[in-house]
Amino acid sequence: MDLEEQTLRYYIKVFSYIIFLFLFLISISFLYVFNKKITLVQNPISIKKGESIETVLKKNVINLSESEIQFAKIYYLVNNYFKNQFIHFGDFNISNKISLNDFFNIIYKPSNILNKITIVEGWSFLELQTELKKHFETFDVIPYENILADTYYYKNGNNFKIFANNLEKIKKNYFYQYKGSEILEIFSEEEIIIIGSLIEKEGLDELDKKNISSVIFNRLNKNMRLQIDATVLYAITDGKYNLNRKILLDDLKINHPFNTYKINGLPPKPISYVGKSTLDLIFENYKTDFLFYFFNNSLKRHIFSKTFQEHKHKLNEYRNQK
């Protein structure tokens, strides 16, 4: 072996050692950086859409040097390329003094903070829109028949479409449990929600809603008009329920597809959002012989009757007491 070849081998060996040492030091540095306990500016942290990992670290972590941030940036870019891992935007609840590695594992996933939206039984479109404005920058009107009134949770960063789709799935699953029910054999899901919306706007408590439900079914079975005041209010206020006066006799005579004093059967659509508890009462199929009711202001409850004569008698008694 000549001198030139020996020299070449020597340099190759030295270069290999240098490369090994460099990679070793890089690995040690990565291990140090990603096992380092970080200190946060605040908790929870907020990551805005489009923010880079460098911006996220500089904005939220106190005790990282510029070189450590660059190491973290390289690590993130490699993971992003090979594992398709990326940071999510939204709010994150992160304990202080966790490792940088654990920090990454949290922000690689959707927001771990749950927000709550309660949709109240009997709410109108406008009332739900007022609530949605508190949670989403942009949103669409959700038809009454698409969802059920309930309390829902969603993660920060979820857009409105994800939220609305989830609510529609929950409604679908709710009706699936009643598959084969006697009620579903007679009425469609939308018709049941229409009936539920009438009960929501008229009923006071569980027993009151049961009785009103039975009146609706009894009247439908006898082909009687439902004559529900809530549908008149819906009709004359275009669903805003802001009449600010009592319903008058002339109001009952308006021609409107939702006025159940003028139309036969159910209105074409629901008049409010409906809760599961009210739908449960409908599926219970509570039976009475009641066909009429009115609200007694003195007693603060509805008075039910089986016949028109009985209804008229009770109504006259009530009016004479006023």
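What follows draws every value from the coordinates through simple rules; no lab data is involved. Predicted, not measured: the structure shown is a model, and the values here were computed from it. A quick note on method: Cβ atoms are made from the backbone with ideal geometry, for glycine too, and the neighbour counts reach across all protein chains shown.
In a reduced charge model with +1 at each Lys and Arg Cβ and -1 at each Asp and Glu Cβ, the chain shows a dipole moment near 760 debye about its Cα centre.
How much net charge surrounds Asp289 when only the other residues with a Cβ under 14 Å from the Cβ of Asp289 are counted, with Lys and Arg +1 and Asp and Glu -1? It works out to a net charge of +4. Cβ-Cβ distance of Lys179 and Ser67, R₀ of 45 Å, FRET efficiency by 1/(1 + (r/R0)^6): the value works out to about 0.15. For the chain, the longest principal axis of the alpha carbon atoms and the long axis of helix 189-202 meet at an angle near 70°. For region 65-136, applying the loop criterion from DSSP together with a ceiling of 16 other beta carbons within 10 Å to the trypsin sites (Lys or Arg not before Pro) yields Lys97, Lys133, Lys134. In this rough spin-label picture, where each label sits 7 Å from Cα along the Cβ direction, the Ile98-Ile186 distance is 5.4 nm. The calculated FRET efficiency for the pair Lys48 and Lys253, based on their C-beta separation and a Förster distance of 51 Å, comes to about 0.35. Within region 144-198, the trypsin sites (Lys or Arg not before Pro) that combine a DSSP coil assignment with at most 10 other C-beta atoms in a 10 angstrom radius are Lys179. Rounded to the nearest 20 debye, the dipole magnitude of region 188-241 is 280 debye, with +1 charges on Lys and Arg beta carbons, -1 on Asp and Glu beta carbons, and the Cα centre as origin. Give me the Debye-computed log₁₀ of I(q)/I(0) at q = 0.09, 0.12, 0.14 Å⁻¹ for the chain, equal point scatterers on Cα only, no solvent, two decimals. With one equal scatterer per Cα and no solvent, log10 I(q)/I(0) is -0.67, -0.89, -1.06.
Hydrodynamic estimate: the Kirkwood radius of region 62-115 over Cα pairs, inserted into Stokes-Einstein at 20 °C and 1.002 mPa s, corresponds to D of 176 µm²/s.
Given their separation in residues at 0.36 nm each and the Cα-Cα distance between them, Asn165 and Phe86 gain 26.1 nm when the chain is fully extended.
Considering every alpha-carbon pair of region 54-179, the percent of pairs per 5 Å bin, from zero through the bin containing the longest distance, is 2, 8, 16, 17, 13, 10, 10, 9, 8, 5, 2, 0, 0. Straight distance only, please: which lysines reach the Cα of Lys314 with their own Cα at less than 18 Å, same-chain residues fewer than 8 apart left out? Of all the lysines, those that pass the test against Lys314 - Cα under 18 Å, at least 8 places apart if same chain - are Lys300, Lys306, Lys322.
Rounded to two decimals, the Cα-based Rg/Rh of region 166-322, with Kirkwood Rh, is 0.97.
Size of region 97-243: Rg and Dmax of its alpha carbons, in Å, are 19.8, 71.
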